[in-house]
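Peer 1: Quick one: this structure, given as structure tokens, is what I'll be asking you about.
The values are calculated or read from the model by the stated rules, or taken from the named source; none is laboratory data. Remember, predicted model here, so these are calculated numbers, not experimental data. Methodologically, a virtual Cβ is constructed for each residue, glycine included, from the backbone with ideal geometry; neighbour enumeration extends over all protein chains shown.
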Amino acid sequence: MTGNEYRRLYAESPEKAYAALFKVYCDYVYAIVYNKLNRVAQREDIDECVSDIFADIFFSYKRNGEDYADLKAYIGTIAKRHAINSYRSLKLRSERFSGDSDEEFASFADDTDIETNSDDRETRSILISKINELGEPDSTIILQKYYYDRSSGEIAEMMSMKASAVRMRAARALEKLKKSLAAAGIML
Amino acid sequence: MRKDRVLNMLDNAEDNIVERLSVPALTDNEKERLLKMSMSKLEGMSMNINAEEEVRGVDVYRRPRWHRFVSVAAAIALVSGAVGTGFLLKRSGKKPEDSFHAVVSPEQTTELTTADTVSTDVTTELATENTVIPGTSETTADYQAIAVDLMKAMNAAELASSGMLNTDANSPLASDSNYFKIVDGNIKGFDFSTMENVRNFLTDNFSGKFYEQHSYFIEGSDPFFKEGPDGLYARYTGRGSIYGWDKYEPEIISSSEDSFVARAEYEIAGTTFQVDMTIVKSEDKWRVDSATSTLSDPDANNTNNSNPYVSLCKSKIEDKWNELTNESDNVSLDFVFNDLDGDGSPEFFLMYGNGEYNYQIDAYTYKDGALKAIGNLPGSHTSFAVDTSSRKLVLIHAHMGAGDYSWYTMENDALKVIKNEEFEYQEWGSNEATSRQDINYLSKGCIYKIGDGTVSYTQPECPINEIPRSNEINSFTLDIVDQLYASAAE
């Protein structure tokens, strides 16, 4: 979806435009937020952040009527910034509550550093290439199950497959991935 | 970590990796629920926009000129659990004079460091004239000496409220973490360490309109100073309006028995400004009653009035100004020029909005006698900067202890990001990432409106770990666009 398409839809019906934009970019925004937050956030926090991002995007257009030359880049920027802000807020929350017996915050109390280093980057790059080599639908199933932590039933719903088929494919794909990565010197 | 998340090494990945991770990860029901949440929030934002602007307006009022830096400071306070609060908030052990050095040029610092003796010198020097003002008991030299003392008080007030107080970033006020304990309240010889001293400072030096402009130090629901259980606390920054006096040599332009007007000029980025201070005597004490900044010689500063490009930029600013001020009493416009394509005609960037949450940046180039849009970018928590080598635009986004630098160029009449670097910080300017020498804040102009007050100002290019000098004119003026353009075109 481009900025022009969004504008045209908006003129017809703002609700339609919102729904269409959400449909197209939901997975993208979720990926950005989940990637930044999942170590410190509960699923509800991630949902909250994603909905905040879309509300901001809808609001920005509604209020300013801006034309976004590159809508995806714009959305990506907004999402990333929101995610980083949420990360910081959650970290602060965990620090404020450190020493508190509330288990909800105990999981935040690590010193996860969002800085990355070159070794990590290289490992990730190899990992993604090996996942891609699995081909579809296995590469998506692998990400859904072992990165997004979704159940086989949920994946089955998203992929229009049977849960048993997802379980089987996920297990086989994981084994294949482990071997492939081991050959590249990476242990899962 | 959940046991099945064997791919956790993909967390916090690079943009291209995240893009690959963009697979369906939500069920239809979850998507529907998230869309509803977004719509509900949107509805709330729209309904509450007026109230929100009002609330945010208070925030903006406290930080009109340096709101971007303040955002950084606020972020740090949040991030670190009040460990560091940005370069505006000084840590314990640093003298106010050290802080002041970050604000002014070395030359200015030298002169200001010796300013304590200027009053005497000026008095001595001017006393040779020692002309008694008709109908008064004071001489011109007397008035000048009085004005010098009050100028120092004005300067101290602005410095105190611009983050130059020495506060302990590790000691936020328990009831409001926006306030930090003052460990040394001395600013250029004025003591801001107790509420009584602050009150006395205000009543001793200011009256009338000028007092009202600074009453936010101690009054209102959100004062700059607050008393805590163990002493005085201050916010990380206030309004910030440093008069850029290089020397304290006021000229007395009118006088009577109980009032006189002193004029003092200062220069910033090639533009000379003059401040007319109305100083009034009451209860046998002289106080600053009002101060007005204006361009010293507007015509001398307008070097490009006939430039059609600059005229178009001015029109764009004016149009946006009119549009936004029709919607809200809180408006801010920032504008810069930067020659992205190296053709000698700098591109024009206009950042605008009603609050930090909705800033946008429009970018234009000059083509075929008209402004041509080359891009639109989000401007929240964003500052204009420049790569000191390539002289091309860099946008700094910094918020909540993290941010990124984005280098821009222009290709096919569109903005293009050349590279992007992320960073983190505990205290702005304290680490390598936020004090790098290859990026400077770009010389910029700003016009903002808060309630009934409108202010225009420019600030020159300066290192990113320093606070830019700037001036303020208490009116809407587009003259500053000419000066900015001339500087960029050079």
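Peer 1: Examine the stretch A:144-159 for a residue that is at pLDDT 90 or above, crowded, with 18+ Cβ neighbours inside 10 Å, touching a helix residue (DSSP H, G or I) at 6+ places or on another chain (Cβ under 6 Å) and in a loop (DSSP other than H, G, I, E, B), and state whether such a residue exists.
Peer 2: Yes, the stretch A:144-159 contains a residue that is at pLDDT 90 or above, crowded, with 18+ Cβ neighbours inside 10 Å, touching a helix residue (DSSP H, G or I) at 6+ places or on another chain (Cβ under 6 Å) and in a loop (DSSP other than H, G, I, E, B).
Peer 1: Taking the stretch B:266-291 as the search range and keeping residues that are modelled with pLDDT of 80 or more and surrounded by fewer than 17 Cβ atoms within 10 Å (Cβ to Cβ), which one is nearest to B:ALA153 (Cα to Cα)?
Peer 2: We begin by selecting, within the stretch B:266-291, every residue modelled with pLDDT of 80 or more; these are B:275-291.
Right, trim to surrounded by fewer than 17 Cβ atoms within 10 Å (Cβ to Cβ) and you get B:282-285.
On the way: B:SER282: 17, B:GLU283: 19, B:ASP284: 18, B:LYS285: 14 Å.
Filtering the stretch B:266-291 for residues that are modelled with pLDDT of 80 or more and surrounded by fewer than 17 Cβ atoms within 10 Å (Cβ to Cβ), the one nearest to B:ALA153 (Cα to Cα) comes out as B:LYS285.
Peer 1: What do you reckon, is A:LYS36 assigned to a helix (DSSP H, G or I) and touching a residue at least 60 places away in the same chain (Cβ under 8 Å)? Give the steps one after another, and end with the answer.
Peer 2: Working: assigned to a helix (DSSP H, G or I): yes; touching a residue at least 60 places away in the same chain (Cβ under 8 Å): yes.
Yes; evaluated as a whole, the condition is true for this residue.
Peer 1: Tell me which of these B:ASN8 doesn't satisfy, since it passes every other one: (1) more than 20 Å from A:LEU21 (Cα to Cα); (2) modelled with pLDDT of 85 or more; (3) facing chain A (nearest Cβ under 7 Å).
Peer 2: With (1) more than 20 Å from A:LEU21 (Cα to Cα); (2) modelled with pLDDT of 85 or more; (3) facing chain A (nearest Cβ under 7 Å) applied to B:ASN8, the lone miss is (3).
Peer 1: Here is a further query. Give me a count of the residues in the stretch B:335-367 that are modelled with pLDDT under 90, assigned to a loop (DSSP other than H, G, I, E, B) and more than 9 Å from chain A (Cβ to nearest Cβ).
Peer 2: Qualifying residue count, the stretch B:335-367: 7.
Peer 1: Against the definition (within 21 Å of B:GLU466 (Cα to Cα), surrounded by 16 or more Cβ atoms within 10 Å (Cβ to Cβ) and not assigned by TED's automatic domain parsing to the domain that holds B:GLU472), how does B:LEU165 come out, yes or no? Walk me through it before giving the result.
Peer 2: On the way: within 21 Å of B:GLU466 (Cα to Cα): yes; surrounded by 16 or more Cβ atoms within 10 Å (Cβ to Cβ): yes; not assigned by TED's automatic domain parsing to the domain that holds B:GLU472: yes.
Yes; evaluated as a whole, the condition is true for this residue.
Peer 1: Another question, if that's okay. Tell me, which residue of the stretch A:45-71 that is at pLDDT 85 or above and more than 7 Å from chain B (Cβ to nearest Cβ) is nearest to A:ALA19 (Cα to Cα)? Let's see the steps before the verdict.
Peer 2: Kept after step one, since they are at pLDDT 85 or above, are these residues of the stretch A:45-71: A:45-58.
Applying the additional criterion that residues be more than 7 Å from chain B (Cβ to nearest Cβ) yields A:45-46, A:48-49, A:53, A:56-57.
Details: A:ASP45: 22, A:ILE46: 19, A:GLU48: 17, A:CYS49: 18, A:ILE53: 14, A:ASP56: 14, A:ILE57: 12 Å.
Taking the candidates together, the pick is A:ILE57.
Peer 1: For B:ALA402, state whether it is under 23 Å from the mean Cα position of the chain (by Cα), crowded, with 18+ Cβ neighbours inside 10 Å, within 12 Å of chain A (Cβ to nearest Cβ) and closer than 21 Å to B:LEU350 by Cβ. Show your work before the answer.
Peer 2: Details: under 23 Å from the mean Cα position of the chain (by Cα): yes; crowded, with 18+ Cβ neighbours inside 10 Å: yes; within 12 Å of chain A (Cβ to nearest Cβ): yes; closer than 21 Å to B:LEU350 by Cβ: no.
No, not satisfied.
Peer 1: Check the stretch B:414-423 and report whether any residue there is over 27 Å from B:ASN376 (Cβ atoms) and away from chain A (no Cβ under 14 Å). Give the derivation first.
Peer 2: Applying the first criterion (over 27 Å from B:ASN376 (Cβ atoms)) to the stretch B:414-423 yields none.
No; the residues of the stretch B:414-423 include none that is over 27 Å from B:ASN376 (Cβ atoms) and away from chain A (no Cβ under 14 Å).
Peer 1: Is it true that some residue in the stretch A:83-99 is modelled with pLDDT of 85 or more, assigned to a loop (DSSP other than H, G, I, E, B) and away from chain B (no Cβ under 11 Å)?
Peer 2: no
Peer 1: Now, a different point. Are any residues in the stretch A:120-136 closer than 16 Å to B:SER22 by Cα and assigned to a helix (DSSP H, G or I), and if so, which ones? Break it down into steps so the answer makes sense when it comes.
Peer 2: If we filter the stretch A:120-136 for residues that are closer than 16 Å to B:SER22 by Cα, which is where we start, we get A:124-125, A:127-129, A:131-132, A:135-136.
Listed by number, the residues that qualify are A:ARG124, A:SER125, A:LEU127, A:ILE128, A:SER129, A:ILE131, A:ASN132.
Peer 1: Which condition from (1) in contact with a helix residue (DSSP H, G or I) (Cβ under 8 Å, 6 or more places away or on another chain); (2) on the phi > 0 side of the Ramachandran plot; (3) surrounded by fewer than 22 Cβ atoms within 10 Å (Cβ to Cβ) is the one that B:ASP368 breaks?
Peer 2: Here B:ASP368 clears every test but (1).
Peer 1: Next up: Condition first: within 14 Å of chain A (Cβ to nearest Cβ) and either free of Cβ contacts under 8 Å to residues at least 60 places away in the same chain or part of a strand (DSSP E or B) (or both). Now tell me which residues in the stretch B:368-382 satisfy that. Step through it out loud before you land on a result.
Peer 2: Step one: of the stretch B:368-382, the residues within 14 Å of chain A (Cβ to nearest Cβ) are B:372-382.
Matches in the stretch B:368-382: B:LYS372, B:ALA373, B:ILE374, B:GLY375, B:ASN376, B:LEU377, B:PRO378, B:GLY379, B:SER380, B:THR382.
Peer 1: Taking the stretch A:160-188 as the region of interest, how many residues are of a type in the set (D, E, K, R), away from chain B (no Cβ under 13 Å) and part of a helix (DSSP H, G or I)?
Peer 2: Here is the first cut: in the stretch A:160-188, the residues of a type in the set (D, E, K, R) are A:162, A:167, A:169, A:172, A:175-176, A:178-179.
Add one more test, that the residue is away from chain B (no Cβ under 13 Å), and what stays is A:162, A:169, A:172, A:176, A:179.
With the extra rule that they be part of a helix (DSSP H, G or I), the set shrinks to A:169, A:172, A:176, A:179.
The total comes to 4.
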